[in-house]
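The numbers here are math on the coordinates, done by the rules we state, and not lab data. Predicted model only: the values in this text are computed from it and were never measured. Glycine also receives a Cβ, built like all others from the backbone with ideal geometry; neighbour counts cover every protein chain displayed.
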Amino acid sequence: MLERINSPEIIRATFKTNPFVNDWLFSDCFYRREKTEIFGEVKDGILSSYILIYYGLEEPVVIVYNYLPEMLSYINVVRGKRTVITVFGDYEEIFKEISKTERALLRDNLLLYAKKVNFYPGARRLTLEDKKAYEDFKSKVSWFKNSNFSTNIYGSFEGEKLVSVATKIGENDYCKIGGVYTLKEYRGKGHAKKVVSLISKECIENNLTPFLIVYSKNEPAIRVYKAVGFEELLHFKWIKLNGFTTFDEETLS
């Protein structure tokens, strides 16, 4: 039987076993605890299997690490929802079960990390003076409609127009890069390389390891990240439910 996990010590110990895989476990538990539930199996002071349910978005999302059959009842929270289940480890059984009642599609993701960076100058960290430029950028990209301006956002400009962005999220010894997006008419000009390489450079200079995830079929984006210096670490699955999709399933360059 799975137990409810409330121990910060167990969460920290589990995070340290693989910070890339357990990044969401750490960040959701320590920064969004009131919106997060965790159930799992503990062995030798760490979680050998767990299911995390996060209620902070429009629909709940689920992360599964080393699936166990008893997790299925907890997954009922997403039935009928347009959302996603992230699965590390075996995914076939959970996909089979959820497909009985839901319109489910598998997506394969790559997790990449960088130990060194090839720097492409030209991007910068946004300041408060860039807020209007960011609002203009958001107005052109429906995916960003609910995002708020932050000085953790980096951008590349053409003239005064913000055309490419990414966000840096620092966690202990690691740094997650997310929300990488270039306006369609400005792709192929190196803007994403500039933004991602600047964040990566700052991370490495501060002894942080940058990492990111990308749809494994988004070959233009993968080429960008590898040109910056990222290496493939592992694959994991999303089970997309009832029409769920994300902006990085577009072509990024």
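Worth pointing out:
- Charged-residue dipole, Cβ positions (Lys, Arg, Asp, Glu), the chain about Cα centre, Debye nearest 20: 780 debye
- Filter on LYS35/LYS100; LYS16/LYS176; LYS161/LYS217 - keep pairs with C-alpha separation over 20 Å: LYS35/LYS100; LYS161/LYS217
- Structure remark: mean-square fluctuation, Gaussian network model of the chain, C-alpha springs under 10 Å; the largest value among LYS201, LYS176, LYS115 belongs to LYS115.
- Whole-number D in µm² s⁻¹ for the range 113-234, Kirkwood Cα-pair radius fed into Stokes-Einstein, 20 °C, 1.002 mPa s: 148 µm²/s
- Estimated distance in nm for a label pair at ARG79 and GLU58, the labels positioned 7 Å out from Cα along Cα-to-Cβ: 2.3 nm
- Sites LYS132 and ILE169 - FRET efficiency at Förster radius 22 Å, r taken between beta-carbons, to 0.05: 0.40
- No Cys partner within the rule (Cβ under 4.7 Å), the chain: CYS29
- Share of alpha-carbon pairs per 10 Å distance bin for the chain, given as whole %: 7, 29, 35, 22, 7, 0
- DSSP H segments from the chain that extend 15 Å or more along their own axis, Cα-based, with Kyte-Doolittle mean of 0.0 or above: 191-205
- Sequence-distant contacts, meaning Cα pairs under 8 Å at least 6 residues apart, place the relative contact order of the chain at 22 percent.
- With 22 Å as the limit, the listed pairs LYS81/LYS184; LYS138/LYS168; LYS81/LYS145; LYS116/LYS168; LYS96/LYS237 have LYS81/LYS184 beyond it between alpha carbons.
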